[in-house]
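The values are calculated or read from the model by the stated rules, or taken from the named source; none is laboratory data. All figures in this text were calculated on a predicted structure; none of them were measured in a lab. Positions of Cβ are generated from backbone atoms using ideal geometry, with glycine treated the same way; all protein chains shown enter the neighbour counts. Only protein heavy atoms, including side chains, enter the accessible area calculation; ligands, DNA and RNA are left aside. Shrake-Rupley method; radii C 1.70, N 1.55, O 1.52, S 1.80 Å.
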Amino acid sequence: LRLAQPHAAAPAASMDVFYSAGLDGWVKLWDLRSMQECQSFRGGHVHSAQRMRCRLSSCLRYLGVPSEDGSVCVYDVRNGQVLGTKHCHRDACVAVDLQPRSGSMVSCGFDGMVQFFRA
């Protein structure tokens, strides 16, 4: 489980969300205040065997999700839709991180590559 890491200017209530990524292919966003699922994400990524590290944006509007097919998927947290995917690794992509100041994203995979992207 990973707690959201919002920007320092975000309200304290935004610290009450976290995501889980299951081997069934679903990534779910949870709200600790209501103890319920807020949003589910599926369709833009493949997840069936490897441990993946997703990342919520600091504004909590976007969720970057790595995929076992070597791509990175970005979901809109508000409606659960895929905003875009980018195939960037020859092997499974296992981690994504977002940098709020520069608007950039980085991914790494089992192919030994680290990829940087700019918005």
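Observations, loosely collected:
- Summed over the stretch 89-105, residues that are more than 15 Å from the chain's Cα centre (by Cα) and surrounded by fewer than 19 Cβ atoms within 10 Å (Cβ to Cβ) total 4.
- Checking each residue in the stretch 14-29 for being surrounded by fewer than 18 Cβ atoms within 10 Å (Cβ to Cβ), on the phi < 0 side of the Ramachandran plot and either modelled with pLDDT of 85 or more or not hydroxyl-bearing (S, T, Y) (or both) picks out M15, D16, F18, S20, G22, L23, D24, W26, K28.
- Selection of the stretch 66-84 for residues being more than 10 Å from V46 (Cβ to Cβ) and either out of contact with any Leu (no Cβ under 8 Å at 6 or more places or on another chain) or among the acidic types (D, E) (or both) yields V72, D76, R78, N79, G80, Q81, V82, L83, G84.
- Tabulated pairs, the stretch 49-62, first free of Cβ contacts under 8 Å to residues at least 24 places away in the same chain, second of a type in the set (A, V, I, L, M) and open to solvent by less than 30 Å² (accessible area, probe 1.4 Å), C-beta under 6 angstrom, 6+ apart or interchain: R61/V77
- Of residues in the stretch 63-79 being open to solvent by 10 Å² or more (accessible area, probe 1.4 Å) and not polar (S, T, N, Q), the one farthest from F116 (Cα to Cα): R78
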